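Structure first, commentary second.
The values are calculated or read from the model by the stated rules, or taken from the named source; none is laboratory data. Remember, predicted model here, so these are calculated numbers, not experimental data. Ideal geometry is used to build each Cβ from the backbone, glycine not excepted, and the neighbour counts take in all protein chains shown.
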Amino acid sequence: MLKALGVLCLLLLTSIACSQPQDGARRVQSGADPQVMVETPTPCDKCGDKEHPRPATPVPTPTRPRGAGVGQEAPDFGLPSLKGGTVHLSDYRGQVVLLNFWATWCGFCRVEMPSLVAAQQRYGKQGFVVLAVDLGEGADQVAGFASQYGMEFPVLLDQEGATMDLYPTRGIPMTLILDREGVVRYAQVGMLADEDIRRQVEPLLGSVGS
């Protein structure tokens, strides 16, 4: 009799223990029967579990400082083109860009321009472009100069000098050479010789022009 009573107590204790929710679980009412309690896993608040992973914390992407200095990302701008429409510097991302600030009245600009024309002809098919930004002059005056010198590359008109806030200079011509990611790799105030252009541009193109 006592042995049977002991077995009955043991079974009762086991039944009570199994009815308690396990660690990491919570009891909720079943949708089918509100009187029936079912156990559902509770994800860890810090790390989640296989079914409820914690979202990864996004890592901020470092940005390169913008400016006209070597090693900086050249600031974008948009200007009217001599051929019509608006041209943005960012339109040429992926190409090596020779960005030249000039004017028709500038003597050194006149001497330098044939070297820029030759560079466009030499490297144009390799992903290279000259962007010539005229400062403070009208389209008719610039068009005559561009025709005289055979400037087939984009000629942009900055009649108000808006780009000078982004690219301050103490004189013209001023030239910046940008790599394919738009980063300034070379900057010079004053006339560029043909050998200077070759020395700065060809490593950025990854091949030597003829």
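Out of segment 111-128, which residues are of a type in the set (A, V, I, L, M) and crowded, with 19+ Cβ neighbours inside 10 Å? So that I can check it myself, show each step before the final result.
In the first step, residues of segment 111-128 are kept if they are of a type in the set (A, V, I, L, M); the result is 111, 113, 116-119.
Those that are of a type in the set (A, V, I, L, M) and crowded, with 19+ Cβ neighbours inside 10 Å: MET113, LEU116, ALA119.
All but one of (1) in contact (Cβ under 8 Å) with a residue 12 or more places away in the chain; (2) closer than 18 Å to ARG110 by Cβ; (3) among the polar types (S, T, N, Q) hold for THR163, so report the exception by its number.
Every listed condition holds for THR163 apart from (2).
How many of the residues in segment 71-90 are touching a Gly at 6+ places or on another chain (Cβ under 9 Å) and of a type outside the set (Ser, Thr, Tyr)? Steps first, answer last, please.
Taking segment 71-90 as the starting set, the residues that turn out to be touching a Gly at 6+ places or on another chain (Cβ under 9 Å) are 73-76, 86-90.
The next check asks that each one be of a type outside the set (Ser, Thr, Tyr); those that pass are 73-76, 87-89.
Result for segment 71-90: 7.
With GLU160, GLU181, GLU137 as the choices, which residue is surrounded by fewer than 18 Cβ atoms within 10 Å (Cβ to Cβ) and under 23 Å from the mean Cα position of the chain (by Cα)? Can you show your working first?
Numbers: GLU160 fails: under 23 Å from the mean Cα position of the chain (by Cα); GLU137 fails: under 23 Å from the mean Cα position of the chain (by Cα).
Within the list GLU160, GLU181, GLU137, the selection yields GLU181.
Among the numbered criteria (1) more than 25 Å from GLY71 (Cα to Cα); (2) without any contact (Cβ under 8 Å) to a residue 40 or more places away in the chain, which single criterion is violated by VAL142?
All conditions are met except number (2).
Would you call VAL70 in a loop (DSSP other than H, G, I, E, B), of a type in the set (A, V, I, L, M), on the phi < 0 side of the Ramachandran plot and at pLDDT below 95? If you could, list the steps in order and put the result at the bottom.
Details: in a loop (DSSP other than H, G, I, E, B): yes; of a type in the set (A, V, I, L, M): yes; on the phi < 0 side of the Ramachandran plot: yes; at pLDDT below 95: no.
No.
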